[in-house]
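Right, one structure below, let's go through it.
The values are calculated or read from the model by the stated rules, or taken from the named source; none is laboratory data. Computed from a predicted model, the values in this text were never measured in an experiment. Ideal geometry is used to build each Cβ from the backbone, glycine not excepted, and the neighbour counts take in all protein chains shown. Ligands, DNA and RNA are excluded from the accessible area calculation, which covers all protein heavy atoms including side chains. Shrake-Rupley method; radii C 1.70, N 1.55, O 1.52, S 1.80 Å.
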Amino acid sequence: PGHGAAGRRRRGSGLVGAARRGQGRWCVSLSMTAAPDYLVVLFGTTAGANGARLGSDERELVQLLWKVVDLAAKKVGTLHEVLIKPDLLELTEECQEEIRIRVDSLTLAPQLEQALRQFNQSVSNELNIGVGTSFCLCTDGQLHIRQVLHPEASKKNILLPECFYSFFDLRKEFKKCCPDSPEIDKLDAKAMAEYLNLDQNNSAQHFGVSQVEDMGNVILTLISEPYNHRFSDPERVSYKFESGTCSKMELIDDNTIIRARGLPWQSSDQDIARFFKGLNIAKGGAALCLNAQGRRNGEALVRFVSEEHRDLALQRHKHHMGNRYIEVCCSGFKICIGERGSRLGHL
């Protein structure tokens with residue numbers, strides 16, 4: 001992907017070109033412990049499943065909403081929204097009922113790359129970022145960034161700028177402040193606001209708007225007394241898959257490994273990494289399996305950096321690599337690297 005004139009245009013224009021040339025001034029990276037000056041609350045909805053199943057059906061983004069939170073001034077900015085025209089101009093019944101968007105309203109909407117440019121311009125204008133100023137995205141859980149935005153951008157050959165490779169998971173930050181609250185998989189923006197006894201006058205607002213409102217209010221509460229929470233050490237999305245070898249005597253947790261079936265015979269470890277774009281694969285963690293004759297058998301073992309990422313990978317069961325759907329299941333695999341060291345390689 002990205003070869004030829006079209007690929008050169010994508011690399012040198014729009015979001016990526018502006019960010020890399022310094023014209024956009026909006027992708028300011030954070031060190032692992034630095035606290036940003038602003039958070040940009042980001043929420044996306046797709047043409048299919050949303051909520052806890054967001055991204056599980058490969059449906060495209062149809063809406064982005066965001067708000068800027070000034071952490072120093074403890075103020076929340078205005079709500080911004082952009083509709084997005086998907087390649088497949090079709091909404092599921094669940095989607096139409098939940099987010100109240102009509103297909104005809106998407107006909108003239110920008111496609112994803114243009115919508116991201118609008119996001120870029122809006123954030124740049126609102127923050128007026130200068131030297132030493134930084135911001136970081138903040139989402140309600142992992143799915144918006146890892147399971148929707150990165151996979152869809154990868155399939156459409158849209159190169160995302162640096163700011164989309166780090167984000168705060170508000171559920172995890174909330175759990176640090178409120179350890180007695182429900183487990184993370186039971187939390188969402190509404191549950192966090194209810195736990196903090198925040199006013200919720202957004203019952204009439206359409207899907208997405210109420211979530212962004214709640215997230216902004218939760219953030220303001222967490223950075224104030226008595227919590228005085230500091231947003232640092234954001235989640236990271238790997239830029240690329242690193243091939244390599246495992247260290248000697250390294251114990252590998254079986255709960256971080258999946259088995260993928262139905263791969264095209266010519267697939268490489270980089271193709272596998274692209275299929276799981278947004279999730280962090282361990283170094284050297286993509287192993288193409290071989291049959292008794294030493295030929296690839298259309299299966300692979302993939303090791304992720306954590307059980308959390310493995311669980312997200314399992315949600316991509318029957319997602320597509322080209323025209324083929326790929327089965328993703330638990331590996332049932334245990335391994336210990338021997339004295340000489342080995343890549344989790346061709347097995």
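Data table
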| read-out | value |
| --- | --- |
| Per-region count, the range 186-213, residues without any contact (Cβ under 8 Å) to a residue 60 or more places away in the chain and either open to solvent by 90 Å² or more (accessible area, probe 1.4 Å) or within 20 Å of the chain's Cα centre (by Cα) (or both) | 10 |
| Residue that is out of contact with any Phe, Trp or Tyr (no Cβ under 8 Å at 6 or more places or on another chain), touching a residue at least 60 places away in the same chain (Cβ under 8 Å), of a type outside the set (A, V, I, L, M, F, W, C) and part of a strand (DSSP E or B), where the choices are Gly278, Gly284 | Gly284 |
| Subset tally (residues that are over 25 Å from Gln315 (Cα atoms), assigned to a loop (DSSP other than H, G, I, E, B) and open to solvent by less than 20 Å² (accessible area, probe 1.4 Å)) for the range 78-106 | 1 |
| Any hit, the range 227-234, residues being within 30 Å of Cys330 (Cβ to Cβ) and open to solvent by less than 70 Å² (accessible area, probe 1.4 Å) | yes |
| Qualifying residues in the range 235-244 (those that are in a loop (DSSP other than H, G, I, E, B) and either at negative phi or at pLDDT 95 or above (or both)) - the one most open to solvent (accessible area, probe 1.4 Å) | Lys240 |
| Residue satisfying condition, being open to solvent by less than 10 Å² (accessible area, probe 1.4 Å), farther than 20 Å from Val209 by Cα and either at pLDDT below 95 or over 18 Å from the mean Cα position of the chain (by Cα) (or both), within set Gly7, Gly12, Gly2 | Gly7 |
| Leading residue by the ranking (nearest to Cys163 (Cα to Cα)) among those in the range 125-143 that are surrounded by 14 or more Cβ atoms within 10 Å (Cβ to Cβ) and out of contact with any helix residue (DSSP H, G or I) (no Cβ under 9 Å at 6 or more places or on another chain) | Ser134 |
| First in the range 230-243 and closer than 30 Å to Cys178 by Cβ, second anywhere and open to solvent by 70 Å² or more (accessible area, probe 1.4 Å), Cβ under 7 Å, 6 or more apart | Ser232/Thr33; Asp233/Met32; Asp233/Thr33 |
| Residues located in the range 59-77, provided they are of a type in the set (Asp, Glu) and surrounded by fewer than 20 Cβ atoms within 10 Å (Cβ to Cβ) | Asp70 |
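Table: residues versus (1) among the charged types (D, E, K, R); (2) part of a loop (DSSP other than H, G, I, E, B); (3) at positive phi.
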position	(1), (2), (3)
Met215	no, no, no
Val218	no, no, no
Ser224	no, yes, no
Asp233	yes, yes, yes
